[in-house]
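The values are calculated or read from the model by the stated rules, or taken from the named source; none is laboratory data. If you're wondering where the values come from, they're calculated on a predicted model, not measured in any experiment. Counting neighbours? That spans all protein chains shown, and the Cβs are built from the backbone with ideal geometry, glycine included.
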Amino acid sequence: MEEQRKTKKSEPDDWLREAYELASLFDRYGALFDERQREIFEDYICNDMSLAEIAEREGMTRQGVSDLVKRTSRKLREYEDGLHMVRKAREADGMISELTKRLDESGLSGERGEEIRGLLKKLSELF
């Protein structure tokens, strides 16, 4: 991850994609980590703090912080590879958007249309 940060200026899209993906995984699986891991990972990925800043605050070495971030990233990917919760949520969001679009195009309105829209909204909140 730190290597990717070093190339941040030359490849910003790659860094942003990676950070977004890890943040998405962290949103879904972050509760599976202890408080310290969550705080360090969130500060590095989501709050864009440097390894040095985190290391100083935590009384660790930069390498120690880097190792923790790498382990956490690897675990997040393992969880997703096994459970597919983020992928399924994205697929569900896409389907809900498509259903909403088709509902709008159908012209169905009134009480029945609002009932369906309400159900779609509740469904989207599950993910």
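Across the stretch 86-101, a minimum of one residue is classified as under 26 Å from Trp15 (Cβ atoms) and touching a residue at least 40 places away in the same chain (Cβ under 8 Å).
With respect to the conditions (1) more than 18 Å from the chain's Cα centre (by Cα); (2) within 26 Å of Glu125 (Cα to Cα), Val65 lacks only one, and its number is (2). Against the numbered list (1) outside any helix (DSSP H, G or I); (2) surrounded by 15 or more Cβ atoms within 10 Å (Cβ to Cβ), Arg117 comes up short only at (1). Could we say that Ile45 is aliphatic (A, V, I, L, M), assigned by TED's automatic domain parsing to the domain that holds Glu18 and touching a Leu at 6+ places or on another chain (Cβ under 9 Å) here? It is true that Ile45 is aliphatic (A, V, I, L, M), assigned by TED's automatic domain parsing to the domain that holds Glu18 and touching a Leu at 6+ places or on another chain (Cβ under 9 Å). Counting only residues that are in contact with a Lys or Arg (Cβ under 7 Å, 6 or more places away or on another chain) and more than 18 Å from Val86 (Cα to Cα), the stretch 8-48 holds 1 of them.
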